[in-house]
Ligand code: FEO
């Protein structure tokens, strides 16, 4: 069954929302990199790539269903934050917002009896549970750390371990390759 036009438009909006998420996290990563917190920068770069993948999955789905992914301008993300906690507060708020967007898409798919879209969107419902939990966890760790630089460096070290997916260029790969 061909993709309903209303659903196609709504999914295209979600491609844009996922690409905006990617852009926002890349911007946050650059902010951390500027402060030499490479573990945090690595975490955000992995997050950027994951959001890109979220957008591309929807892009593919639209095209597979006989619609057309139409790319819209991506809004400019913030570039400055007052504190580490403020960054992660925004991440947590943003992920809660994305969850509400996914929920609206699921509702639309149910309203128009588009079971293929509903089934496809369940992956995002599950993913958002994980995304929100991770954001909340990192935010609470940062709040606990407060102004203790040793704890912050430890957390930065832990975040360095996050692995990007196979088709991704890890942060500082050029330096690693030349060592
Ligand atoms: Fe694609 Fe972080 O939600």
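The values are calculated or read from the model by the stated rules, or taken from the named source; none is laboratory data. Bear in mind the structure is a predicted one, so any value in this text is a computation, not a measurement. Don't worry about glycine lacking a Cβ; one is built from the backbone with ideal geometry, like all the others, and counts go over all protein chains shown.
Looking only at region 121-138, residues that are away from the ligand (no atom under 14 Å from the Cβ) and surrounded by 15 or more Cβ atoms within 10 Å (Cβ to Cβ) come to 0 in all. Filter region 44-64 down to the residues that are within 12 Å of the ligand (Cβ to nearest atom), farther than 18 Å from residue 132 by Cβ and crowded, with 23+ Cβ neighbours inside 10 Å and list them by number. The answer is 58, and nothing else.
Condition (residue is under 18 Å from residue 22 (Cβ atoms), within 16 Å of the ligand (Cβ to nearest atom) and either outside any helix (DSSP H, G or I) or modelled with pLDDT of 95 or more (or both)) applied to region 106-117: is it met by at least one residue? Checking region 106-117: not a single residue is under 18 Å from residue 22 (Cβ atoms), within 16 Å of the ligand (Cβ to nearest atom) and either outside any helix (DSSP H, G or I) or modelled with pLDDT of 95 or more (or both). Considering 113, 100, 119, 83, the condition of being on the phi > 0 side of the Ramachandran plot and over 13 Å from the mean Cα position of the chain (by Cα) is satisfied by 113 alone. Among the residues of region 29-43, not a single one is within 12 Å of the ligand (Cβ to nearest atom), assigned to a helix (DSSP H, G or I) and in contact (Cβ under 8 Å) with a residue 12 or more places away in the chain.
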